[in-house]
Amino acid sequence: MNAASLLPPIRRVVTANDDQGRSFIEQDGVSPAVRLVEERPGYRITNLWRTDASPAHINAPDTIALHQGVAPPPYGTVLRILDIPAEPQDPEELRRALEATFQRMYGDAHRHVQPGEHPGMHSTDSVDYALMLEGELVAILDRQETVLRAGDVLIQRGTRHAWANRSGRPARIAFVLVAGELD
């Protein structure tokens, strides 16, 4: 089994209402927006859904396959699940893997890494609800860090941060990103 398959794929079930107003399952399967990074085996981004307005349009078409970057659309949201492999012990290997991840997936948006900082430091102009699903991750901020385990929730409000997996095992975390703006 390779590192990319240590955690099973995410099953996405989408509901809808028919012309008579009766609910049904419209889609059931993998997301059309799964992304991998060759330079970081085991890292998988599963973008599941996005909205582009608030309030959200209930019957809006599925546009998650069009989503680019980290942040949600203005006035919108993104639901995403990350599978994060254990970090390599070699700091240079970690730096290369994270630079490849950000460049390939996000175009380095919102990245301002200072010497000595974790190479995954970044920020978004959003409120992020981070729900730890499996394993453990370290949430790294400018002044401190904390370990999150399955069942923990972190509410991130536009802060600089990085995620470190120091556990030696894969971790899975879900995010709901809500478009925001700084005061």
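For residue 176, neighbours were defined as the other residues whose beta-carbon sits under 11 Å from its Cβ, and their charges (Lys and Arg +1, Asp and Glu -1) total +1. What the Cβ-Cβ distance of residue 129 and residue 38 gives, at R0 = 25 Å and to the nearest 0.05, is a FRET efficiency of 0.25.
The listed residues 163, 49, once ranked by accessible area (1.4 Å probe) with the largest placed first, stand as 49, 163.
Here the relative contact order of the stretch 111-181, from alpha carbon pairs under 8 Å that lie six or more residues apart, stands at 41 percent.
Couplings 3J(HN,Hα) of the stretch 53-58, computed from phi: 7, 9, x, 6, 7, 4 Hz, in residue order, whole Hz [Karplus 6.51 cos²θ - 1.76 cosθ + 1.60, θ = phi - 60°; x for Gly and Pro]. Placing +1 on each Lys and Arg Cβ and -1 on each Asp and Glu Cβ, with no other charges, gives the stretch 72-154 a dipole about its Cα centre of roughly 240 debye. Tell me, what is the Rg over Rh of the stretch 105-183, with Rh the Kirkwood radius over Cα pairs? Here Rg/Rh amounts to 0.95. Modelled spin-label separation between residue 152 and residue 169, with each label point placed 7 Å from Cα along the Cα-to-Cβ direction: 1.5 nm. Projected area of the chain, taken from the Cα convex hull and averaged over every viewing direction, in nm²? With every direction weighted equally, the projected area is 11.5 nm². Ignoring ligands, DNA and RNA, please state the percent of accessible area on the stretch 1-51 from carbon and sulfur, probe 1.4 Å. Result for the stretch 1-51: 50 percent of the exposed heavy-atom area is carbon or sulfur. Distance distribution note for the stretch 1-67: the fraction of Cα pairs above 14 angstrom is 67%.
Over all distinct Cα-Cα pairs of the stretch 48-108, the Kirkwood formula returns a hydrodynamic radius of 13.7 Å.
The values are calculated or read from the model by the stated rules, or taken from the named source; none is laboratory data. The model shown is predicted, which means the values in this text are computed figures rather than measured ones. Note that we place each Cβ from the backbone using ideal geometry, even for glycine, and neighbour counts take in every protein chain shown. These area figures cover heavy atoms from the full protein model, side chains too; ligands, DNA and RNA do not enter into them. Shrake-Rupley method; radii C 1.70, N 1.55, O 1.52, S 1.80 Å.
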